[in-house]
Amino acid sequence: MWTEDDVTIVEVSWLKPHEEIKIKARDKLLDMTKRWGGFTKPVLVDSETGSLLDGHHRLSVAKELGLSKIPAICLDYLSSDDIVLELWPNSSFDEITKQMVIQICQSDELFPPKTTKHTTFFDLPPILVSLDELK
């Protein structure tokens with residue numbers, strides 16, 4: 001089970017997204033993040049490559065706010081049984097593998113929004129990391 005102790009603060013510049021975001025959803029989250037004064041949920045990241053698995057809108061919010069850091073749970077994506085890759089029902093792909101996610105993260109391309117769905121066996125822990133801590 002993941003706890004607040006599993007959350008680390010990572011450099012925004014290290015993270016490599018694999019999906020585009022929905023600007024309206026990001027703007028809503030941006031507004032909420034400002035009201036909260038911080039992040040209440042960490043992003044999920046591959047510890048080996050910096051590939052962003054979950055939290056594309058949160059990463060975009062961090063960039064919009066000019067933050068250099070973001071709270072994250074880091075795990076070994078390719079060998080972990082704690083995370084499962086699925087496709088969203090309206091995805092235009094028939095199949096995507098974990099290796100394909102890593103490859104797209106290392107390229108200049110992105111999947112469309114809501115292509116992949118990463119399910120974890122443990123919920124991401126609730127946190128509150130202030131924006132001041134992440135500048």
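No lab work stands behind these numbers, since they all come straight from the coordinates. As the structure is a prediction and not an experimental result, all values here were calculated from the model. Positions of Cβ are generated from backbone atoms using ideal geometry, with glycine treated the same way; all protein chains shown enter the neighbour counts.
Can you tell me which residue in the stretch 4-21 is nearest to SER47 (Cα to Cα), limited to those that are out of contact with any helix residue (DSSP H, G or I) (no Cβ under 7 Å at 6 or more places or on another chain) and either buried (at least 17 other Cβ atoms within 10 Å of the Cβ) or of a type in the set (D, E, K, R) (or both)?
VAL10
State the number of residues belonging to the stretch 1-21 that are closer than 20 Å to ASP108 by Cβ and part of a strand (DSSP E or B).
So the first thing to find is which residues in the stretch 1-21 are closer than 20 Å to ASP108 by Cβ, and the list is 11-21.
This time we only want the ones that are part of a strand (DSSP E or B), so: 11, 16, 19.
Going through the stretch 1-21 one residue at a time, the tally reaches 3.
Looking only at residues that are more than 22 Å from MET1 (Cα to Cα) and either in contact with a helix residue (DSSP H, G or I) (Cβ under 7 Å, 6 or more places away or on another chain) or of a type in the set (Lys, Arg) (or both) in the stretch 47-57, which one is surrounded by the most Cβ atoms within 10 Å (Cβ to Cβ)?
Taking the candidates together, the pick is HIS57.
Show the residue pairs that are 6+ apart or on different chains and have beta-carbon atoms under 6 Å apart, the first residue being within the stretch 123-134 and surrounded by 17 or more Cβ atoms within 10 Å (Cβ to Cβ), the second being of a type in the set (Lys, Arg).
Hits for this filter: LEU124/LYS41; LEU134/LYS69.
Taking the stretch 61-101 as the search range and keeping residues that are touching an Asp or Glu at 6+ places or on another chain (Cβ under 7 Å) and without any contact (Cβ under 8 Å) to a residue 60 or more places away in the chain, which one is surrounded by the fewest Cβ atoms within 10 Å (Cβ to Cβ)?
In this case the residue turns out to be ASP76.
Pairs needed: first member in the stretch 32-46, surrounded by fewer than 19 Cβ atoms within 10 Å (Cβ to Cβ); second member anywhere, part of a strand (DSSP E or B); C-beta distance under 7 Å; at least 6 residues apart or different chains.
Taking only residues 6 or more apart or on different chains, the pairs are GLY37/SER130; GLY38/VAL129; GLY38/SER130.
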